[in-house]
Amino acid sequence: MAKMKFGVTIDEKLTKELDKIVEESEYLDLSRSEVVEAVLTAFFKSSVDHAKKARELIIKKRKGKLKL
């Protein structure tokens, strides 16, 4: 599978959560990118309406109702 590289800016709390997963999985020698890709893969392989769920999360975050 071809890979694309692009930059994203995420909340500091999410970065800390990513780093926690990376540290806890030291034996796998994971990178943040691998964790993000795994999370996105799980999200898109789930049986939810992805566009609807993404919109819902964005709206909650903008209203300050999404706790990280």
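The values are calculated or read from the model by the stated rules, or taken from the named source; none is laboratory data. Remember, predicted model here, so these are calculated numbers, not experimental data. Note that we place each Cβ from the backbone using ideal geometry, even for glycine, and neighbour counts take in every protein chain shown. Remember, those area values only see protein heavy atoms, side chains included, never the ligands or the DNA or RNA. Shrake-Rupley method; radii C 1.70, N 1.55, O 1.52, S 1.80 Å.
Here's a check for you: in region 30-64, which residue that is of a type in the set (Lys, Arg) and more than 13 Å from the chain's Cα centre (by Cα) is most open to solvent (accessible area, probe 1.4 Å)?
Arg62
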Self-check item: Every pair of residues 6+ apart whose Cβ atoms lie under 7 Å, when the first sits in region 5-20 and is closer than 16 Å to Leu57 by Cα while the second is loosely packed, with under 12 Cβ neighbours inside 10 Å
Solution: Asp11/Leu68; Lys13/Leu68; Leu14/Leu68
